[in-house]
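Worksheet: the structure to be examined is printed underneath.
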Amino acid sequence: MNKKQRLIMRSVILAVMVIAVGYTMYINFVQSGEIVEVGDKAPNFVLTDLEGNQVMLSDYEGQGVFLNFWGTWCKPCEREMPYMEKQYQEYKEQGVEILAVNIQETDLAVEKFRDRHGMTFPIPMDRNDQVRQAYGVLPLPTTILLDQNGIVVKKHSGELTEARVKEFMEMIKPNP
């Protein structure tokens with residue numbers, strides 16, 4: 001291969017790499033990644049909780065659902081859990097359910113975290129990352145609020161304060 005052919009080959013390889021990097025950056029930073037948006041019917045899912053029970057989203061129709069995606073390693077997730085637990089105790093009798101979907105962790109890690117923080121709401125385990133992907137959740141924590149008909153009324157990415165958790169519970173509390 002002569003010098004000119006090597007230059008052309010290197011230029012083509014460099015161009016392909018630049019295009020690949022540019023496309024990756026576009027997908028990760030420009031596109032929102034949101035698959036489920038406000039106003040959509042929430043996709044049903046079936047996951048298993050820490051006790052081995054099946055958790056099916058459609059079983060909660062008629063209730064407001066505070067759908068939280070989280071991980072034990074996520075410090076903002078950890079900070080908001082006590083607020084969620086406190087408000088859960090206030091709102092569970094008013095028709096609001098928390099489903100705290102854990103993303104791809106072991107039962108042991110989640111059980112230790114649950115016990116340390118005194119969490120009593122259901123913790124469905126998204127072992128294969130399918131529910132997170134179906135909902136287009138990118139950062140953790142992300143909370144999706146569903147009304148009593150299973151319609152998405154709000155999506156929030158980032159840590160929640162106790163006041164915000166309470167506000168969200170009020171938003172999805174079913175009408176009497």
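The values are calculated or read from the model by the stated rules, or taken from the named source; none is laboratory data. Not measured: the values here are computed from a predicted model. Counting neighbours? That spans all protein chains shown, and the Cβs are built from the backbone with ideal geometry, glycine included.
Check the range 72-82 and report whether any residue there is within 16 Å of ILE144 (Cα to Cα), among the aliphatic types (A, V, I, L, M), in contact with an Asp or Glu (Cβ under 9 Å, 6 or more places away or on another chain) and at pLDDT 95 or above. There is no residue in the range 72-82 that is within 16 Å of ILE144 (Cα to Cα), among the aliphatic types (A, V, I, L, M), in contact with an Asp or Glu (Cβ under 9 Å, 6 or more places away or on another chain) and at pLDDT 95 or above.
Which of (1) more than 10 Å from the chain's Cα centre (by Cα); (2) within 18 Å of MET169 (Cβ to Cβ) is the odd one out, the single condition ARG127 does not satisfy? Condition (2) is where ARG127 drops out. Among the conditions (1) touching an Asp or Glu at 6+ places or on another chain (Cβ under 8 Å); (2) at pLDDT 95 or above; (3) surrounded by fewer than 19 Cβ atoms within 10 Å (Cβ to Cβ); (4) closer than 24 Å to ASN44 by Cβ, the only one that HIS156 does not satisfy is (1).
Under the condition of being over 18 Å from VAL153 (Cβ atoms) and exposed (fewer than 15 other Cβ atoms within 10 Å of the Cβ), the residues counted in the range 49-75 number 8. Every condition in (1) surrounded by 10 or more Cβ atoms within 10 Å (Cβ to Cβ); (2) modelled with pLDDT under 55; (3) under 18 Å from the mean Cα position of the chain (by Cα) holds for ILE27 except the one numbered (3).
Within the range 40-57, the set of residues being in a strand (DSSP E or B) and of a type outside the set (Val, Ile, Thr) comprises LYS41, LEU47, ASP49, GLN54, MET56. Whether any residue in the range 82-96 is without any contact (Cβ under 8 Å) to a residue 40 or more places away in the chain, assigned by TED's automatic domain parsing to the domain that holds HIS156 and hydrophobic (A, V, I, L, M, F, W, C) is what I want to check. Scanning the range 82-96, I find no residue that is without any contact (Cβ under 8 Å) to a residue 40 or more places away in the chain, assigned by TED's automatic domain parsing to the domain that holds HIS156 and hydrophobic (A, V, I, L, M, F, W, C), so the answer is no.
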